[in-house]
Amino acid sequence: GVAGAGTTGGHAWRVTAYVGPWGTCVTVNEEGYACLDARLSGPVQVAGPLSGSVPGLQIVLVMAPVSVTKVTITLSAGRPVTVRPATFGRERLAAFAVGKGVVPTSWTGYDAAGARTVAGSMTSGSATSSASP
């Protein structure tokens, strides 16, 4: 299925996800692929930005358990991006494009009722998280 798609800076992009015994694999514009371990190491994972075949853009992937229906990611450029991950197997996955040099700095996950369930931040290439009561 499609984890994310759009046109940014005049360039179309599309991230397609495939679920199999090796985990969840994604392609950008049907070129190359990256496979992610199907077992989440935390409540939400934000991976990237990943360089791809889209000039001037990088792709950020968001993986979440099925209990998380919306994730807001704050970027180093200062603007937040909100995604509603689609269900792929036992997890949810979303993708969005950012410009070169822009990186995720933090994220917040929400359940179907809109309640904040988990938050985290990225520091020195690693992610930390905390659950809300």
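The values are calculated or read from the model by the stated rules, or taken from the named source; none is laboratory data. Computed from a predicted structure; not experimentally measured. Quick reminder, even Gly has a Cβ in these numbers, built from the backbone with ideal geometry, and neighbours come from all protein chains shown.
I'm trying to understand the selection: among the residues of the range 45-75, which are of a type in the set (G, A, S) and closer than 11 Å to V98 by Cα?
Residues satisfying the conditions are G48, S51, G56.
Can you pull out the residues in the range 13-32 that are closer than 16 Å to Q58 by Cβ, part of a strand (DSSP E or B) and not basic (K, R)?
Of everything in the range 13-32, those that are closer than 16 Å to Q58 by Cβ, part of a strand (DSSP E or B) and not basic (K, R) turn out to be W13, V15, V26, T27, V28, E31, G32.
Would you check if there is a residue in the range 84-99 being modelled with pLDDT of 90 or more, under 13 Å from the mean Cα position of the chain (by Cα) and part of a loop (DSSP other than H, G, I, E, B)?
Yes - at least one qualifying residue is present in the range 84-99.
Do the conditions hold for V68, that is, is it modelled with pLDDT of 80 or more and outside any strand (DSSP E or B)?
Judged against the criteria, V68 is a match.
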